[in-house]
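The values are calculated or read from the model by the stated rules, or taken from the named source; none is laboratory data. All of these numbers come straight from a predicted model, not from anything done at the bench. Glycine gets a Cβ as well: all are built from the backbone with ideal geometry, and neighbour counts include every protein chain shown.
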Amino acid sequence: MPDALFLRPIRPGDDTGKFSLGTPEAQPLKSFLKKQAKDYHHKNVAKTFVLVDSPDDSRVLGYLTLVCSEIKNEASTRLDDCGDANKYTTFPAIKIARLAIHNDLQRGGYGRTVMDWCIRHVVENIMPHAGCRFLVADAKHSAVSFYKKCGFTMLESEEKNKQPIMFVDLHKLTASLPSAQK
Amino acid sequence: MSVKTSVFGGITISGNDAKAFDRQVTHGRPKQAARDSYARGKSLVDEFNRKGYATIKPKK
């Protein structure tokens, strides 16, 4: 395992062809990186950040894709800290649309560090400029424990076989921090 | 009662799942793991904002 990798925005010349995840279940993640990630990034549909061996290296070893999203709660959501917003059923969010680490580097802890960057990036670089109350992820069942370790809450769904929804209430997160950490 | 989601779209929650989400949001508190993750992310985002990339060392 390398001592460190580098996370940067995807570039048109990046080599996505050798990316492997090792399981058929992960084929959509591999396919997205190869076929759509660059185009979506440059056309502002979805922003992808890649892991590489050095900042100028082009071989992609992992990636994270973020999009603007929303959570629509048909029963309405009651924000105890913003009562006037409770007349709406939809709240803005940032979604982790994709997160994948190359097969050879999985279970090495890179994903956890990418999530450290992601949570801070959303709070520090996006929240000050556009409302986004939640950070959400459609997790695979196999990734639920990973997201829980990163501080996400799993929606207590009755549909146990569905893709679990994981979320962080970003406002409550930042409100709970000592002022020195903000 | 259902959750509908698409990769690049929103998430729609209805029925009992919607009530569960409401309960979790209303009464939920931030997890210490999220606060820790946010704190660890500071140096990464500082570097990213300064250099255009962040150095990702594996979390042991």
Quiz item: In this structure, does B:Gly52 turn out to be surrounded by 14 or more Cβ atoms within 10 Å (Cβ to Cβ), touching a strand residue (DSSP E or B) at 6+ places or on another chain (Cβ under 9 Å) and at the interface with chain A (Cβ under 7 Å from one of its Cβ atoms)?
Solution: no
Quiz item: If you scan the stretch A:1-44, which residues turn out to be within 13 Å of chain B (Cβ to nearest Cβ), assigned to a loop (DSSP other than H, G, I, E, B) and at pLDDT below 95?
Solution: A:Met1, A:Pro2, A:Asp3, A:Ala4
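Could you check how many residues of the stretch B:15-40 are outside any helix (DSSP H, G or I) and surrounded by fewer than 17 Cβ atoms within 10 Å (Cβ to Cβ)? If you could, list the steps in order and put the result at the bottom.
Applying the first criterion (outside any helix (DSSP H, G or I)) to the stretch B:15-40 yields B:28-31.
Filter once more, keeping what is surrounded by fewer than 17 Cβ atoms within 10 Å (Cβ to Cβ): B:28-29.
Residues meeting the conditions: 2.
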Self-check item: Filtered residues of the stretch B:1-28 (kept if more than 7 Å from every other protein chain (Cβ to nearest Cβ) and more than 22 Å from A:Gln163 (Cα to Cα))
Solution: B:His27
Quiz item: Do we have any residue at all in the stretch A:132-154 that's more than 11 Å from chain B (Cβ to nearest Cβ), in contact (Cβ under 8 Å) with a residue 24 or more places away in the chain and not in a helix (DSSP H, G or I)?
Solution: yes
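Just the residues that are touching a Leu at 6+ places or on another chain (Cβ under 8 Å) and at the interface with another protein chain (Cβ under 7 Å from one of its Cβ atoms), please, taken from the stretch A:51-78. Talk me through it step by step, then tell me what you get.
Taking the stretch A:51-78 and keeping what is touching a Leu at 6+ places or on another chain (Cβ under 8 Å), we get A:51-53, A:60-65.
A:Leu51, the sole residue that qualifies.
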Quiz item: Considering the stretch A:50-73 alone, what residues qualify as being buried (at least 22 other Cβ atoms within 10 Å of the Cβ) and in contact (Cβ under 8 Å) with a residue 60 or more places away in the chain?
Solution: A:Leu51, A:Ser69, A:Ile71
Quiz item: modelled with pLDDT of 85 or more and out of contact with any Asp or Glu (no Cβ under 8 Å at 6 or more places or on another chain), is that true of A:Cys82?
Solution: no
Quiz prompt | Number of the condition not met by A:Tyr88 [criteria: (1) over 19 Å from A:Thr153 (Cα atoms); (2) free of Cβ contacts under 8 Å to residues at least 40 places away in the same chain; (3) touching a strand residue (DSSP E or B) at 6+ places or on another chain (Cβ under 6 Å)] | solution = (3)
Self-check item: Subset of the stretch A:89-114 that is crowded, with 21+ Cβ neighbours inside 10 Å and in a helix (DSSP H, G or I) - its residue that is farthest from the other protein chains (Cβ to nearest Cβ)
Solution: A:Gly111
Quiz prompt | Residues located in the stretch B:37-49, provided they are at the interface with chain A (Cβ under 7 Å from one of its Cβ atoms) and among the charged types (D, E, K, R) | solution = B:Arg40, B:Lys42
Quiz prompt | Residue, modelled with the highest pLDDT, within the stretch B:41-60, restricted to residues that are over 24 Å from A:Arg11 (Cα atoms) and not in a helix (DSSP H, G or I) | solution = B:Lys59
Exercise. Name every residue in the stretch A:79-88 that is facing chain B (nearest Cβ under 9 Å) and surrounded by fewer than 16 Cβ atoms within 10 Å (Cβ to Cβ), in order of residue number.
Key: A:Asp80
